[in-house]
Each structure stands twice: as C-alpha cells, then as structure tokens.
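The structure under discussion appears below in the form of structure tokens.
The values are calculated or read from the model by the stated rules, or taken from the named source; none is laboratory data. All values derive from a computational prediction rather than experimental measurement. In this analysis, Cβ positions are derived from the backbone assuming ideal geometry, glycine residues included, and neighbour counts consider all displayed protein chains. What goes into the accessible areas is simple: the full protein's heavy atoms, side chains included, and nothing from ligands, DNA or RNA. Shrake-Rupley method; radii C 1.70, N 1.55, O 1.52, S 1.80 Å.
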Amino acid sequence: MENTKSTHNRRSFLKSSALAGGGLMLSFSWLSSAKAAEKMQELNLPEQWSELTGYIKITPDNIVKILCPNPEFGQNVMTSLPMIIAEELDVDWKDVVVEMGPHDNVKLGPQFTGGSNSVRMYWKPLREAGAAARQMLRQAAAETWSVPVEEVTTKAGVLYHPDTMKTGKYGEFAEKAATVPVPKEMTLKEPADFSIVRHSKKNVEGMKVVTGQPLFGLDYRADGMLIAMIQHPPAFGMKLKSFDASQTLKMPGIRDVFRLKLYEDGFEQGGFDTRTFNDMLVVVGNTTWEVMTARKKLTAQWEPAGDTTDIMMGRGEKREVVVPGGLESTSTQLAKMQEYANEPAQELRRDGDPETAFKNAAQVIERTYNAPFLAHNCMEPMNFFADVTAEKAVVAGPLQAPGWAEPTLSKLLNLPADKIDIHMTRMGGGFGRRAYTQYLYEAALISKKVKAPVKLIYSREDDMTYGIYRPMYTATYRAALDADKKLIAFHVKGGGIPEHPVHANRFPAGAVDNYLAEGWAIPSNITIGAFRAPRSNFNAAAEQSFLDEVAEAMGKDPIDLRLELLERAKKNPVGENNDYDADRYAGVLKLVREKSGWGGADQGKYSRGVAAYFCHNSYAAHVVDVVTREGVPYVERVTSAVDCGVVVNPDAATNMVQGAVVDGIGNAFYGQLTHKDGAAEQSNFDKYRLIRHREAPKTIDVHFVQNDIDPTGLGEPPFPPVFAAVANALYKNMGKRFYNQPFQPDIEKQI
C-alpha cells in the first residue's frame, strides 16, 4: 500500500457535501501533486488553473456518478479517467455512470486534451480522490456500527465488518459520509491489487457512437438556430478587398451577408489563438445546403495582404511576430530550404569535438530527409454553435482546450468569463487541430452580429485549405565512422517552415562522444499547429531511417546497434541533459524483437523494417513487415511494443496503438499538402490521398512492457516511429532508400 498526503493550497484538496435527497458529493483537486503542478507550469497555464476540481457523486441507491473533465475525441478518456477513480473508490464498475462535464475553469480547470497528458497528469490526483472517498465511507460506516474504522473493509461498493458480519452498500452511508472530514492522508492500492485499472472496460459511449446518437458538434441543434459559412481568401497572403453579394442575397433561405473582422488591430493573442485569415466574408441562412449553394454566388475581389504584425502572449511575455506577405509555392519553398540548409544555423547542443571527428573519420555517411505540410483532416470538419447576447454567451462544439479559449472569447465578446457557458461535444477527431479554436471565436462574433443562435460550419474544402498544418521539414544527418567501423560522431542539422524539428537532447544524444545538433527556420504566412507528436513525427522518421543506414555501413543488425548505443547511454552517458531513459528505450526494442520473431523464420518471408522512438514520456518500437502483391509493396503486418507505464484500459490502449500505426502508414505513403501561388493544391480527398482499407495491415500485434511506472502517455508516442519502420522495410523490399515523404511518388517511379 502507498500512503499519500493530499496537498492543500488556497482551496482545500477535497471537499465533501451532501446531495439533495441524500448521498455524497466529493469534489477534488485534479492537480494536487507537485509533479502535476510542475507539468501545469510547463504547459504555461495561469496560476489559478493549478487547482482543478471534479466530482464523485454517490446516490442512496448505490449509483456512482463520475464527471469526466476532459474532451473526448476517441482516445477513450471518458472511460479511462473514471476507471482510475473507481479503482481506488473500490466500486463495482457496473454501478458507475460517466458524464462529460461542462467547462468550468475553477472546478475542472482547462480540461485540455492533448500532449498525451490526460491520464499522465491526472493519475495520482484521481487515485487520491477515489481513496479519500472510500476512507470517508469507511469512517461513516464505523461510526454507524460503533466499530474501529481500521476493521471496516470494502469490496465492489459494499462495506464490511467481518467480526460483526455487518454489511452495507456505499449508498446507505453516502449521506453520513458527506459530514465526515476529508482525510489529509490516505492509502492507495498496490498495482498488484488493481481490479478495474489494467482490466479492459468497454467504451462508456460505445453504444451511443455505433447507434448514431447525437454526440458531435455537427449534431448540435437549438431553437431558432441559423447556419453560417465563411468565404476565406483563396490563398495564403491575400485578404478581402471588396465583394458583391447581390446574387447571393436573392438565393432561398439566405438571411444576411457581411464582412467581419476576427481580431482588431493590436489584439493580444494567446498561445492557441492562431488564425490564418482575419477578415471574414460571412453568409448566414436557414440551412446548410442553402448557405453552401448561395456562397457560390458571391463575387469577391482579393488583394495581397502584405506583411502583418501579430501580438502574441505566452510564457508571461508579450512579443510581436511579423507575418511575411507574398504568395508562396512549394517549389520555391524547397529551394529556399536548400539555401538555408547550407548556411550557418543555431547551435542547439554540442558534445566533444564533432568537427575534428568528422575530419579524421574513415567514412562519413550523410543523408537529407524532407517532409511536406500535412493537414489534420479530422473526420468531422471544424464547426461550432454560438448564441451570444449582450448579457451572456452559450457556445457548444468540439474543442481540445476550452480553458485556453475562454479568456480570448471573453475579450472578443467583452463579457466576463462567468457569463460564458462552454459546452464540449464529442470530437470527430482532433490530432492537435482543435486546440486552435478560431472557428469558435468566428461563430461567437457571427452570432453577436446577427443577434441569433448560429452554427458555423466549415466544408471539407474550407477545413483542408485553411492552414494550421504540420510544418514543412528537412534535416541532414551525418555519421562519422573510424577505420574499425565504430561510430565516433553524429550531427543533425534540421530546419523547416516556419519552425525547425530538432529535439537536441533525444537519442542518440548521450550515446556518442562527439555530437552536434543545429536548427534553423524560415518565416511563412502558412499557419501551423500541433500535429500528432509535433516535431517528433518527422524526427523519428528521419533519425530512425538514418540509423538503419548507419547500421548497414557498420555491418550490424539495426536492433543490435540501437541497443549498443543505449547501453553506452546507460553506463557512460555523454552530457547531462539526455531526455530519455535508456533502460525503457532498450526495453521496447527487446520486446519487439522477441514478439516479432526478428531474425527468425519470418525474416526471409517478409521485407522487415524496425524503428523505435521516445516522445511524450513514453517509448514505442515497431517491426513492419512488407510484402509485394501484384508488383506493389504493401504493409502486411506490424508488431508493436510500447512502454507507457501502467496501462489503465488495455483494449482501449491497444486500439490507440493500432490507430497510430494505420495513421502513420497512411501519412508515410501518401500524406502531402502542397501550394502554388499561396493556394493549397489539395482541397478534398480526391487529391489529398488517405490510406484505404485494402492498404491497411492485416495484423497489428500490440504488446506493452509490464511495469508499475505511473502512466506516461499513449496518444502520440506510437505514431512517429511508424514512418521509419515503413521506410526501412521498403528498402528491404525494393532495394531503395526513401528520403522524401510521402513515399508513394518514388515507389511509382520504381514500379
């Protein structure tokens, strides 16, 4: 058993109260632990968000209601987070009812879903909350039965006193428990004693999803609701000059057409307030089809936007960011990136004397890797409902970071936060895109303008061409070998538009005596945002592909080389700022080697590639097996190994890894968004290629390292190494290395 003390700050960690009609309601700090508080600081959250509360409700009929604070977009937090509470509360899972909580930045905090942080951040606070509630129920029973509390036990929502044979359900003591002081110390279960956590539970919303119940933003309805759509400029670097809506206004069901500005000059933007176009040309009408049809009748004139200046707030500082004008094209962007790659860059880390090591090397291996912009392409396009009056605002829709959106919305509407009611719907995909909620702000301003409830809808074309993409990246890797084929130096120089991708302290930093990491960036008016495992999704692809070539040049098995480097990082590390745990990193490589039968009979049956990576505090490795069907390479099966600490809900975790694998394969083969004169050349799935059912692996075999480490994140870590594992397998299949994403154009040239 683990004894723990709750942390008290300005508000107490736990507070209890009686429910109307009897029962117990327990509110608790979601971020009571010091580590969680540190994490909140890393996320640059306001101080008042360091104390968050959620609720456990126990009714007299023994139903336990748990309010889930985090938005759900398929990662299953609405099941896994309540499971953590239920485990320490010691209830029967069948008696648990889960509800999505509304936004409440005092009780539930920012409710941020992203960065693979949901379970990691809330693991200890939720366990403490469940344990505290259980302790209070035991105390209530002990007082009722006049027995020592130490003699009262629990199981599956029932209290027991073995000596007197007295028993009672939680609901019978809930009202009395509400009067018991909240314990300052509590005992947490040992992981070996878990009966809910580590045992698969069905998605609490699964039946609603498969039966088509209205859960998503696009399902939201309200009396008198109008539909709005925005005509954005046709290219990045342009703005609205003038428009003629006379024909549009003649169309059936159209209420209004007008021009609206999102941010006024000098507006101070928060960290997730990215927007591409500031001027909105808005069409409002009765139905989606009427508005879509009428929008096509607009006549608009556009002009160059020129350089613009944004005022950004972040990490307690205010800074001006100049957004360059101009109409950018992929061809010129690639040429400019090549120029920058040959110029001096910012030094990010240096160990030893890499220049001398490369100069004296017997062999130098140098390769350059490139990746395009990627669109998030959530299955559900951006949308939001808003009903704004002079006194209050009610908004509802899919978003990942309501706590960050609220302050901006408050400023835009000139309403205090307590007059804004944010309802979070289930999201049809997120991947980082819905952390940037300009579409929420647009909906609210449109509602305010037309004085009516409005749902703003982006078409697929609007969504795909708006921006907030995965950045465009390039990186050159160099490795120096001595006469004995030993790795003596390693150099990575990465850049991108508009940010570089390099994580300077990631593997193989710390495993090579002479190491250099550099980065550079080119400003752009094409907006970017977090995309599943930001930067890591490119770094892993390039680094792990390169290590495969290095292993080949050294005459080593690719897994053996990685394990040798990790052993060096463990026993005699270079530098002090290495991000990763060498043991855990090696653990996933050993597990995937075992489970895939690496080096065994299947080695000749398949073209096999391996890759491993660390990000978001977790470790993942994949072995990808490629076969040729009708002259075309396909990924036939994948074996995955993941170390994310304690796995709360194994089936859901397996599904998440499998989804990351399919997503990674699809983006590696096909993902690409290009531009010509500022305009996106792909605007729908006829040109933006996604993986198809017949191209998905027939088998994805997922294995988790078994340990008792606190959970360390899962949504993103399995995604990045997929790219390189595919590239390395394709090399074995086709005899050709792949340096440019997506791989499909180069595959087609060869077949």
Query raised in the report: Given just the C-alpha atoms of region 343-385, how large is their convex hull per residue in cubic angstrom?
Result: 199 Å³
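Can you divide the C-alpha Rg of region 436-566 by 2.2 N^0.38 Å and report the result to two decimal places?
Values: Rg = 21.7 Å, N = 131, 2.2 N^0.38 = 14.0 Å.
Compactness ratio reported: 1.54.
Over the chain, what is the relative contact order in percent, taking alpha-carbon pairs closer than 8 angstrom and at least six residues apart? Walk me through the intermediate numbers first.
Values: 1711 pairs, mean separation 98.8, N = 751.
It comes to 13 percent, rounded to a whole number.
Please compute the per residue accessible area over the chain with all protein chains in place, 1.4 Å probe, rounded to a whole number of Å². Could you put the intermediate results ahead of the total?
Values: 30270 Å² over 751 residues.
Accessible area per residue, the chain: 40 Å².
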Report summary line: From the Cα centre of region 667-708 to that of region 336-399, the distance in Å is 17 Å
Query raised in the report: What share of all Cα pairs of region 56-110, in percent, falls into each consecutive 10 Å distance bin?
Result: 24, 52, 23, 1
Requested in this report: May I ask for the equivalent-ellipsoid semi-axes of region 493-556, computed as the square root of five times each C-alpha gyration tensor eigenvalue and listed largest first in whole Å?
Outcome: 26, 13, 10
**Report entry** Mean-position separation - Cα centroids, region 228-300 and region 606-640, in angstrom
**Finding:** 44 Å
Requested in this report: Note down the nm distance, to one decimal, between modelled labels 7 Å out along Cα→Cβ at THR309 and at TRP289.
Outcome: 5.0 nm
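Cβ neighbours within 10 Å, averaged per peptide: list 395-407, 559-571, 195-207 in order, most packed at the top. Working shown, then result.
Numbers: 395-407: 25.0, 559-571: 18.5, 195-207: 16.8.
In descending order of packing, they fall as 395-407, 559-571, 195-207.
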Report task. Once you have the Kirkwood Rh of region 632-736 from its Cα pairs, apply Stokes-Einstein at 4 °C and 1.567 mPa s and quote D in µm²/s. Result -> 84 µm²/s
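What are the trypsin sites (Lys or Arg not before Pro) within region 220-274 that DSSP puts in a loop, where the Cβ has at most 15 other Cβ atoms within 10 Å?
On the way: sites: ARG221, LYS239, LYS241, LYS250, ARG255, ARG259, LYS261; in loops: ARG221, LYS250.
Loop-located and lightly packed - ARG221, LYS250.
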Query raised in the report: Which chymotrypsin sites (Phe, Trp or Tyr not before Pro) does region 685-725 hold that lie in a coil by DSSP with at most 16 other beta carbons within 10 Å?
Result: PHE685
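Hey, what's the Kirkwood Rh for region 439-495 if you take every pair of different alpha carbons, in angstrom?
On the way: mean 1/r = 0.0613 Å⁻¹.
Result for region 439-495, one decimal place: 16.3 Å.
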Requested in this report: Show me 131-141, 146-156 ranked by packing, highest mean number of other Cβ atoms within 10 Å first.
Outcome: 131-141, 146-156
Requested in this report: Ratio to report: Rg/Rh of the chain, with Cα atoms as the point set and Rh obtained by the Kirkwood method; give two decimals.
Outcome: 0.99
Report task. Using θ = phi - 60° and the Karplus relation 6.51 cos²θ - 1.76 cosθ + 1.60, list the HN-Hα couplings for region 205-216 in order, rounded to whole Hz, with x at every Gly or Pro. Result -> 10, x, 5, 5, 5, 6, 9, x, 5, x, 10, 9
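Considering only DSSP states other than H, G, I, E and B, which trypsin sites (Lys or Arg not before Pro) in region 428-487 qualify as loop sites with at most 11 other Cβ atoms within 10 Å? Each step should come with its number before you reach the end.
Numbers: sites: ARG433, ARG434, LYS448, LYS449, LYS451, LYS455, ARG460, ARG478, LYS485, LYS486; in loops: LYS451, LYS485, LYS486.
Counting only loop positions with at most 11 other Cβ atoms within 10 Å, the trypsin sites (Lys or Arg not before Pro) in region 428-487 are LYS451, LYS486.
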Query raised in the report: Hey, what does the equivalent ellipsoid look like for region 652-698, semi-axes from the Cα gyration tensor as sqrt of 5 times each eigenvalue, largest first, whole Å?
Result: 27, 11, 8
Query raised in the report: Can you list residues whose amide H is under 5 Å from ASP92's amide H, if they're 5+ apart or on another chain and H is modeled 1.01 Å from N?
Result: GLY157
Query - For region 558-691, projected area of the alpha-carbon convex hull averaged over all directions, nm² - result: 12.3 nm²
Query raised in the report: If you take the Cα atoms of region 82-132, find Rg, then find the Kirkwood Rh from the mean of 1/r over all pairs, what is Rg/Rh?
Result: 0.98
